[in-house]
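The next block holds one structure in the form of structure tokens; read it before the comments.
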Amino acid sequence: MLLKIGEHLVFYTGVAQLVEHRSPKPGVGSSSLSTRAKIKIMGIVTYIKESFKELNTKVTWMSLPEAQKSTVVVAIFTILFSLAVFAVDKVFQLGLEQYFNLF
């Protein structure tokens, strides 16, 4: 049922329509767990297919040469950062050794 609230149309579902109707007979309608599981699995498969389609058609990917250049830049800065952390660690190690050697 459609209700008009102000300027908006709202779809209203009565409480009786929200109750899931289950049959005492297994395999009838949506009362079967396997039927509901199949529907969920099909939903997952559809979601994955649509995700791949969106990745291939709607996402702008950088070119291979640009990706290679970016990878090299990241690798160089990773090495530089690890050397800086190593240097700071060594300075603290030597400083603490000198401090504890005083006692």
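The values are calculated or read from the model by the stated rules, or taken from the named source; none is laboratory data. Because the structure is predicted, anything quoted here is derived from the model rather than measured. Note: ideal-geometry Cβ built from the backbone for every residue, glycine included; neighbour counts use all protein chains shown.
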(request) State all residues of segment 51-87 that are surrounded by 10 or more Cβ atoms within 10 Å (Cβ to Cβ), of a type in the set (D, E, K, R) and modelled with pLDDT under 95; if no residue qualifies, say none. (result) LYS53, GLU54
(request) Go through the residues of segment 88-103 one by one and say whether even a single one is at pLDDT below 95 and among the hydroxyl-bearing types (Ser, Thr, Tyr). (result) yes
